[in-house]
Structures are given as C-alpha cells and as structure tokens.
Amino acid sequence: MMTKPEFRVFPTAQATTHAVAAHLAAALKQHPALRLGLATGNTFVPVYAALVDLYRAGGFSFAQSMSFNLDEYIGLPPEHPASFGAYMRRHFFDHVDMPAGKGRLPIVEGDIDQACQDYEAAIAASGGIDLQVLGIGRNGHIGFNEPGSAFDSRTRQIDLAPSTLEANQGDFPPTESVPPSAVTMGIGTILDAREIVLVANGASKAEALRAAFLAQPSTDCPASALQSHGRVLVFCDEAAAEKLDR
Ligand code: GLP
C-alpha cells in the first residue's frame, strides 16, 4: 500500500534546518538509545550545526545512541577533508558525546564486498535503524543510490553518475576530481529504517522532489522508492516544494 509522505514546508532553508534539528533532538530525548542513519552533503552542514547547538543547550545526549552513515567515497584517505568520514568528524562527531566507534561509516578499504555485508550485519545486529535522515541528489539519488538502483538493493559498491561527479566537484580542489565510485547503503537498507526524514532545500531540488513523490515510482528516480515506506517526513523549503502539488 502506498502511503503519502508527510510534507513539512518552511519559508526558508534556515527554518527547515532548525525544524529538522529540533525533530532529531526530540527523538533523542524520547529514545536516548536511538539508532540513527546519518547523511552528508551541503544540506546537512547547517543541520548538524543546529543539532550541536541544541545539544550544547542541554536536555539530551548521544551517549547511548549510535549511528550508521549512508555512504563513503572509495579511494580517499580517511583524513581527506572531502571524505564523508572527515565531514562527519568536522560537523558532528567531534562536537557531541557519542562514544568513539559508535558513529560508523561504510568501510571502503580491503575486501569491500565483505565489508558491505559486515555493514548490513552490524545494522541488523544493532536492532535496525530507528530514524534515517536523507538528502536527495538533483538526479533523485538517495545515499549514493544512482538512477537504475534496484529498490531492494543492499549496501554495495557503486559507480557515481556524471551529474553527481559534477554536483560534488565543489567539495574538492579544482586540481582533484571526485572519486568515480563509492560504497552506499542500498535502497532496501534505507527502506528498512522505521522512520525516514528527507531534507531538501532550494529550487535545484524541486524537480527531484516532484519525481520522487508525485510521479509513479521508478528506478529512474531512486527516491521514488520512498513512496512504499509507511513513515516518511519530508522537510523542505518553499523553493524545493515549488513543483509539489499541495
Ligand atoms: C551527496 C550524498 C547524498 C546527498 C546528496 C545531496 O552526494 N551522497 O547523501 O543527499 O548528494 O547533497 P547536497 O545536500 O549537497 O545537495
């Protein structure tokens, strides 16, 4: 059965950001042992900043929580500033009390296929993800599940789409190109989360949101798989919601 996602539309990106951070803080207050699924990307830089501000103000803690990130580039040293591991330390892990080792990202070295299976096993062994946050690519990707990804896909290695390489070039110095491949949780992995919070701001995400939630689900738009999930909240600004028939 298809369930409509719940849309929460805000006048500005800043208002969206604060609402998402407040939603996460409330979830942690209610369930201190929350198992979070975390995302990277420009959309989440201010979300983590707002969440860290709320954490510093008190009232909740990450001490009992744990997290699993969606994805990581293959081929970057862990200390590379554009790696998602470095991003997570810079914007989040270094500022909160989640115990070391409890904030995990996909392993992108050694036997990658085995590491992907181990990541799935670790998520399952934790009891599964309670709350997964997601951004959305301009081409409708979630995590790094590019168009064509199967809706039942699991954590695996994937080649990045040309439009993704272009969109993410800004995170790298001009002399360095974006790694051509990554490890990502699968769409099936994402759909196993009990609640999904998708965040999108700006006119550049309007078409992706329309294709994700107003069109027939299709592997051409990976995010359209979310239509089959029972609890999806979409937090977005008015610019991103422009093409949603509300
Ligand atoms: C990135 C990430 C996604 C993210 C998306 C949008 O490449 N792999 O998880 O949601 O692309 O990123 P941004 O927020 O920078 O637009």
From the option list Ala208, Ala182, Ala121, Ala167, single residue qualifying as at pLDDT below 95 and outside any loop (DSSP other than H, G, I, E, B) is Ala167
Take Asp130 and decide whether it is touching a Phe, Trp or Tyr at 6+ places or on another chain (Cβ under 9 Å) and open to solvent by 20 Å² or more (accessible area, probe 1.4 Å).
no
Looking at the range 59-85, which of the residues that are open to solvent by 20 Å² or more (accessible area, probe 1.4 Å), modelled with pLDDT of 95 or more and not hydrophobic (A, V, I, L, M, F, W, C) is nearest to His23 (Cα to Cα)?
Ser61
Are there any pairs, at least 6 apart or on different chains, whose C-beta atoms fall under 8 Å, with the first in the range 33-53 and closer than 16 Å to His141 by Cα and free of Cβ contacts under 8 Å to residues at least 12 places away in the same chain and the second within 6 Å of the ligand (Cβ to nearest atom) and among the charged types (D, E, K, R), and if so, which?
none
Does the range 40-53 hold any residues that are under 15 Å from Ala86 (Cβ atoms), crowded, with 19+ Cβ neighbours inside 10 Å and near the ligand (Cβ under 10 Å from one of its atoms), and which are they?
Thr40, Gly41, Phe44
Assuming Ala100 fulfils every condition listed in (1) more than 16 Å from the ligand (Cβ to nearest atom); (2) at pLDDT 95 or above; (3) open to solvent by 60 Å² or more (accessible area, probe 1.4 Å) apart from one, which condition is it?
(2)
State which residue is nearest to Ala212 (Cα to Cα) when the search covers only the range 172-190 and only residues that are surrounded by fewer than 18 Cβ atoms within 10 Å (Cβ to Cβ) and of a type outside the set (Val, Ile, Thr).
Gly188
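The values are calculated or read from the model by the stated rules, or taken from the named source; none is laboratory data. As the structure is a computational prediction, the values presented were derived from the model and not from experiment. Cβ: placed from backbone, ideal geometry, glycine included. Neighbour counts: every protein chain shown. All accessible areas refer to the heavy atoms of the entire protein, side chains included, with ligands and DNA or RNA removed. Shrake-Rupley method; radii C 1.70, N 1.55, O 1.52, S 1.80 Å.
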